[in-house]
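The values are calculated or read from the model by the stated rules, or taken from the named source; none is laboratory data. Values in this document were obtained by computation on a predicted structure and should not be read as measured data. In this analysis, Cβ positions are derived from the backbone assuming ideal geometry, glycine residues included, and neighbour counts consider all displayed protein chains. Note: areas computed on protein heavy atoms with side chains; ligands, DNA, RNA excluded. Shrake-Rupley method; radii C 1.70, N 1.55, O 1.52, S 1.80 Å.
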Amino acid sequence: MNPEPGICTVNTCDTPTQEYLCHHCTNELQEAWNQIPPLIPVLEDISRGQDTAFSLPNAEKRGGSTTGSKPPMNLSAYQLALNLSQALIFTPQEYAQHQDAWRSHTQILQWVHDADLMVNGETEAGNSEEYNKLRVKAVGLETEKKPQEIVDYLQDHAGITDLTADAIRQWKTRGNITAYTIKEIWLHYDKKRKPVV
């Protein structure tokens, strides 16, 4: 049973409020809500196989066999994109006036968290010595190259096999990188991925 209006309806909050969400919880929802628009196009790309998921398992990586055909789409990414699109129907201030605002608050924060993991991966607290040497070496490589050359370099020098030339082109289209250099690609990859330690 939800508390009466007068205190925030979020289970972990008992702040007095005139709406169903207090100011703090509405702001928390606003911060998550602001992250949604840039996540949706990337999730749509992942769902179509034009980009790869970074942390959450996607359909083509499940199962014991590495042979066979690739599934036509990543349903996890597709569903997250749909959920986040629906979350944009109301603003956080409008959600705060709904009787079930606590449910929307909890669900949207979870969707944004899951989408962020899928799109950006987890941050890594510590890196191996090998990883750090490669990062230092890669940061110095600022010559413009073709996306496939960068993919080949990172595969040969870092064992990175989940990066494609198409993904690099998408990053440039989205403005995540400004040039096709190993330095820029590495720094963006470094930011998005949880490296293998």
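Taking the range 1-53 as the range and being β-branched (Val, Ile, Thr) and part of a helix (DSSP H, G or I) as the test, the residues that pass are THR26, ILE36, ILE40, VAL42, ILE46. Cβ-Cβ contacts under 6 Å between residues 6 or more apart (or on different chains), taken from a first residue in the range 75-92 that is touching a residue at least 60 places away in the same chain (Cβ under 8 Å) to a second residue that is of a type outside the set (Ser, Thr, Tyr) and part of a helix (DSSP H, G or I), are listed as PRO92/LEU29; PRO92/GLN30; PRO92/TRP33.
Is it true that PRO41 is open to solvent by 50 Å² or more (accessible area, probe 1.4 Å) and at pLDDT below 80? Before you say what the answer is, go through the steps one by one.
Numbers: open to solvent by 50 Å² or more (accessible area, probe 1.4 Å): yes; at pLDDT below 80: no.
So PRO41 fails the test.
Scanning the range 68-84 for residues that are modelled with pLDDT of 90 or more and open to solvent by 50 Å² or more (accessible area, probe 1.4 Å) gives TYR78, GLN79, LEU82.
In the list THR143, THR123, THR161, THR181, which residue meets the criterion of being in contact with an Asp or Glu (Cβ under 7 Å, 6 or more places away or on another chain) and modelled with pLDDT under 85? Can you show your working first?
Details: THR143 fails: in contact with an Asp or Glu (Cβ under 7 Å, 6 or more places away or on another chain); THR123 fails: in contact with an Asp or Glu (Cβ under 7 Å, 6 or more places away or on another chain); THR161 fails: in contact with an Asp or Glu (Cβ under 7 Å, 6 or more places away or on another chain).
From the options THR143, THR123, THR161, THR181, the qualifying one is THR181.
The number of residues in the range 161-183 being over 19 Å from the mean Cα position of the chain (by Cα) and either touching a residue at least 40 places away in the same chain (Cβ under 8 Å) or open to solvent by less than 50 Å² (accessible area, probe 1.4 Å) (or both) comes to 6.
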